[in-house]
Amino acid sequence: MTTTTPPVAAGAQNTSGRPTRAARVRKRLNTHTATLIAIVIAVVWTIPTFGLLVSSFRPENQIKTTGWWTFFREPEFTLQNYQEVLFGQSASSGQLASYFINSLVITLPAVLFPLAFAALAAYALAWINFRGRDWVYIGIFALQIVPLQMALVPLLSFFSRGVSLGGVTLMPAWNLDGAQNFAQVWFAHTCFALPFAVYLLHNFISQLPKDLMEAARVDGATHPKIFRTIVLPLVAPALAAFGIFQFLWVWNDLLVGLIFAGGSDVTAPLTVRLAELAGTRGNEWQRLTAGAFVSIVVPLIVFLSLQRYFVRGLLAGSVKG
């Protein structure tokens with residue numbers, strides 16, 4: 001007696017060892033052609049940055065008379081450009097050292113605050129049952145479509161006038177001055193970052209194994225302990241990915257820093273001063289190149305040092321197999 005294998009129905013999943021779609025995509029991306037294209041794109045993308053770096057070390061007369069590529073025929077270095085742009089005493093020199101510190105003071109809290117609040121909110125929306133949870137999540141998700149520019153005037157009114165309802169003052173005006181304006185910038189950046197941060201982290205946290213959470217609850221772990229000992233280590237790549245995005249956004253931001261921090265050297269970030277140099281001293285190319293490279297060196301260090309977490313956070317949970 002012989003047995004016959006029934007034919008596989010059309011559209012049924014083939015489990016005979018056939019490579020998955022993710023495996024086929026990886027195979028295509030690992031070809032010599034894809035590698036060559038990636039190298040060409042990387043080189044073309046890096047050439048302007050390399051030219052900026054070379055120009056920042058060239059003397060003023062060479063920058064204003066020849067292109068940066070002529071450096072290889074007549075190599076000549078100088079640190080005068082960085083000396084003037086960082087520590088120069090004249091008003092046109094840049095004086096970027098203090099503005100550099102301001103950017104650090106603005107950026108670090110503006111990254112840590114949304115990370116902390118968004119992680120807590122994402123865990124609550126994913127693993128704590130309460131009435132209206134889904135509507136809260138939908139509302140947070142919908143806030144992503146609100147343009148940043150539309151929120152500037154309400155926020156300015158909030159800081160300068162406070163909040164009143166029916167003639168009753170719910171929150172007085174902040175009336176901040178000097179270094180206190182940093183709080184306004186932190187608040188603004190945190191508000192603008194929270195919707196996307198909660199949405200991103202919620203997608204990661206909600207995909208954690210349910211059995212793992214239930215086992216922790218059976219062992220007597222409370223929500224704070226579960227969040228601290230289980231959730232945070234597992235979603236570290238996602239936290240790092242958002243942290244890099246937020247750091248680059250805040251560090252390179254000009255609009256929010258200019259409006260809420262002001263243009264004084266006490267609170268203004270580095271981008272505000274660079275914009276002033278480009279507008280008032282646009283012919284001082286040697287200072288602009290040095291100042292531009294000063295502004296990008298920190299984001300480069302942050303991205304390169306956290307690159308492995310960034311890639312892992314982008315790919316985590318995207319494909320299976």
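Details
- Computed from the alpha carbon atoms alone, the convex hull of segment 96-318 holds 160 Å³ per residue.
- The calculated P(r) of segment 80-197, using every Cα pair and 10 Å bins from 0, goes 11, 27, 31, 20, 8, 3, 0 in percent.
- Put simply, when 73-84, 288-299, 53-64, 139-150 are sorted by average Cβ atoms within 10 angstrom per residue, most first, you get 288-299, 53-64, 73-84, 139-150.
- Projecting the Cα atoms of Gly178, Leu200, Ser103 onto the charge dipole of segment 96-318, computed from C-beta unit charges around the Cα centre, puts Leu200 farthest toward the positive end.
- Applying 1/(1 + (r/R0)^6) with r as the Cβ-Cβ distance of Asp265 and Asp211 and R0 = 56 angstrom yields a FRET efficiency of 0.50.
- Stokes-Einstein D for segment 130-177, Kirkwood Rh over Cα pairs, 37 °C, 0.692 mPa s (µm²/s): 251
- Segment Ile145-Gln180, extension gain: residue separation times 0.36 nm, minus the distance between their alpha carbons: 9.6 nm
- Most tightly packed first, judged by the mean number of other beta-carbon atoms within 10 Å of their residues, the peptides 262-268, 212-218 read 262-268, 212-218.
- Per the Debye calculation on segment 196-248 with a single equal scatterer at every Cα and no solvent contribution, log₁₀ I(q)/I(0) for q = 0.14 Å⁻¹ amounts to -0.40.
- Net charge, Leu120 excluded, C-beta distance under 15 Å - Lys, Arg +1, Asp, Glu -1: +3
- FRET efficiency for the Ala38 to Asn252 pair, using the beta carbon distance and R₀ = 22 Å, is estimated at 0.35.
- Accessible-area value, Tyr199, 1.4 Å probe, nucleic acids and ligands omitted, Å²: 70
- Segment 26-152 - Debye-derived log10 I(q)/I(0), Cα point model, q = 0.10 Å⁻¹: -0.75
- Charge dipole of segment 21-86 about the Cα centre (unit charges at C-beta), most positive-ward option of Asn30, Tyr82, Gly51: Asn30
The values are calculated or read from the model by the stated rules, or taken from the named source; none is laboratory data. Owing to the predicted nature of the structure, the values given are computational and were not obtained by experimental measurement. We place every Cβ from the backbone using ideal geometry, glycine too, and count neighbours over all the protein chains shown. Heavy atoms of the whole protein, side chains included, go into the accessibility calculation; ligands, DNA and RNA do not. Shrake-Rupley method; radii C 1.70, N 1.55, O 1.52, S 1.80 Å.
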